[in-house]
1. Which one is surrounded by the fewest Cβ atoms within 10 Å (Cβ to Cβ) among residues in region B:93-109 that are part of a helix (DSSP H, G or I) and in contact (Cβ under 8 Å) with a residue 40 or more places away in the chain?
2. If you go through region B:89-134, how many residues are among the hydrophobic types (A, V, I, L, M, F, W, C) and within 7 Å of chain A (Cβ to nearest Cβ)?
3. Of (1) modelled with pLDDT under 95; (2) within 9 Å of chain A (Cβ to nearest Cβ), residue B:169 satisfies all except one. Which?
4. Please find, within region B:143-158, the residue that is farthest from the other protein chains (Cβ to nearest Cβ) out of those that are assigned to a loop (DSSP other than H, G, I, E, B) and farther than 11 Å from residue B:119 by Cβ.
5. Test of understanding: among B:76, B:90, B:37, which residue is under 23 Å from residue B:182 (Cα atoms) and surrounded by fewer than 23 Cβ atoms within 10 Å (Cβ to Cβ)?
6. Just for helices (runs of 4 or more DSSP H) wholly inside region B:180-277: which have at least 3 residues that are of a type outside the set (Lys, Arg), modelled with pLDDT of 95 or more and more than 17 Å from the chain's Cα centre (by Cα)?
7. Among the numbered criteria (1) assigned to a helix (DSSP H, G or I); (2) out of contact with any helix residue (DSSP H, G or I) (no Cβ under 9 Å at 6 or more places or on another chain), which single criterion is violated by residue B:112?
8. Six or more apart or on different chains, Cβ under 9 Å: which pairs go from a residue in region B:190-212 that's crowded, with 24+ Cβ neighbours inside 10 Å to one that's of a type in the set (Val, Ile, Thr) and not in a helix (DSSP H, G or I)? Could you list them?
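The values are calculated or read from the model by the stated rules, or taken from the named source; none is laboratory data. Computed from a predicted model, the values in this text were never measured in an experiment. Positions of Cβ are backbone-derived with ideal geometry, glycine not excepted, and every protein chain shown enters the neighbour counts.
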Number of protein chains: 2
Amino acid sequence: MQESLQSFTDSHKTLLEDKMREYVNQLEAPSIIKESMLYSLEAGGKRIRPLLLFATLAAFNQDTKIGLNTAAALEMVHTYSLIHDDLPSMDDDDLRRGKPTNHKVFGEAYAVLAGDALLTYSFQLIAETSAEDATADAKLAIIKEFSKAAGAEGMVGGQVADIDGEEKQLSLPELEYIHVHKTGKLLAFGVIAGAILSGADEEKIHLLTEFAMHLGLAFQIRDDILDLEGSVEMIGKPVGSDEVNHKSTYPSLLTMDGAKKALVEHTTLAKAKLAETGLNTFFLEEITDMLAVRNH
Amino acid sequence: MQESLQSFTDSHKTLLEDKMREYVNQLEAPSIIKESMLYSLEAGGKRIRPLLLFATLAAFNQDTKIGLNTAAALEMVHTYSLIHDDLPSMDDDDLRRGKPTNHKVFGEAYAVLAGDALLTYSFQLIAETSAEDATADAKLAIIKEFSKAAGAEGMVGGQVADIDGEEKQLSLPELEYIHVHKTGKLLAFGVIAGAILSGADEEKIHLLTEFAMHLGLAFQIRDDILDLEGSVEMIGKPVGSDEVNHKSTYPSLLTMDGAKKALVEHTTLAKAKLAETGLNTFFLEEITDMLAVRNH
């Protein structure tokens, strides 16, 4: 019988969160930096990137535990990016998921350093994946993809373009550049890493990457819609904050109706790419549907 | 005939600086982030960490070019740490090596992100070392050591302890904890990486690590002495700034005479460890002597 996405999500979230806590706790480091790292790692969130990695492993009928270290690394890098993005010199956010941001609790210096420490540790966790779970070549391939997805060619580049585009009227290609890099690349990495760990061929990796890029855009469009239509309880930050900040969004460029159509289009394309793989993609499809209708 | 340290340094600095420029230029990323990364990479400096790596390869009679990617990674991580340390929320420095600090030129947001991008890219460069230059297992071993040396258990942990110890009277063990972690671990990494690339056994790696820890302490004691005795032209920052900032230093804990004695002691111990290795350590000895008497 097919396990439900809810059950798959719950069990893997617990596995992941226990592992991240264990990894941070075993660091021989000043306690304040470990507290700062754990505060943001444990602030909740959908754990969508690790979940994509686990769901990809499931699509290849692999034991999902072989992805646990890489999943922890991925969530740590996502978390570091949130800590740095929230800094006063960046988005200057006081709240994240309804809780005070890292620098509001620990101060800016420890927030910068907690981000640096999470980023640095993440590569160690991938390198320390046991030999039974991944070959040395697979680990190195994952490290290269991870660097590209998280660095200047990926997430950091997207954040730079985002800052650069503030207070400007962006074109749709400019807005897509930002989201593909700022959000899409790291979402796609989860899928790519799952495929590499499964020993997938180039063609399957290519199809799964295309799936993930559509999923990433759908995810971001839904985010923009929620920013206008959601409530502060649901999304953990003030409703309409993008509008107040004069940020270009999908609804502002495409109208709300156009944004909703684009959301459906990218969701449909994402699922079409999945179907092409011929894999057992039940969880990946369910995640795609879940992200398209989520309320937070 | 033995090549001089000066000639060895000059040729390897050129090799390294060309490679770092090439690597950053080939990034497909917004030009502002590449400019910010290059600005700090090209701000000069002694390149002492890469030099230790090259000198260690020379001690094993290896072609030093096999360490070029790791050397570039190491200098990038050192550079990222300077960018983040100089931020207003950290040391709040306006000058570094006599030039405006990164955030003074590019603003805080791009300074944080340039640091993040350098740190992230560094792991990619190690992973992309060619198969002729390093085995997959050697690259993974280097990545693990690099993470430990740079992260919460190393440099970041040292920076945390340094911030924590500001305005406090530190004991000598507390001061050593800071310097061993903030400076020593990354210096030692250069030596350890050179040894791993040379296929060294555990015993040689252990001796070379001990050498590097003594060298790192000598390096820091010399820094503290220079801060009191140097001139602003020589060291590129105001003389006596540690005193103004009420920082605990070796001279403040040991007296100036005591600090100078400790410098000689650590230099002597460092060279004794080198002698024990039985390797061709000419350049490593010369670097040790050079650091003990340097004026900047």
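1. Among those residues, the one meeting the criterion is B:105.
2. 8
3. All conditions pass for residue B:169, except number (2).
4. Of region B:143-158, the ones assigned to a loop (DSSP other than H, G, I, E, B) are B:151-154.
Restricting the remaining residues to those that are farther than 11 Å from residue B:119 by Cβ gives B:152-154.
Values: B:152: 4, B:153: 5, B:154: 8 Å.
Of everything passing the filter in region B:143-158, B:154 is farthest from the other protein chains (Cβ to nearest Cβ).
5. The unique qualifying residue is B:90.
6. Filter on region B:180-277 gives B:202-229, B:250-277.
7. Tallying (1) assigned to a helix (DSSP H, G or I); (2) out of contact with any helix residue (DSSP H, G or I) (no Cβ under 9 Å at 6 or more places or on another chain), residue B:112 fails exactly one: (2).
8. If the second residue must be of a type in the set (Val, Ile, Thr) and not in a helix (DSSP H, G or I), the pairs left are B:197/B:129; B:211/B:281.
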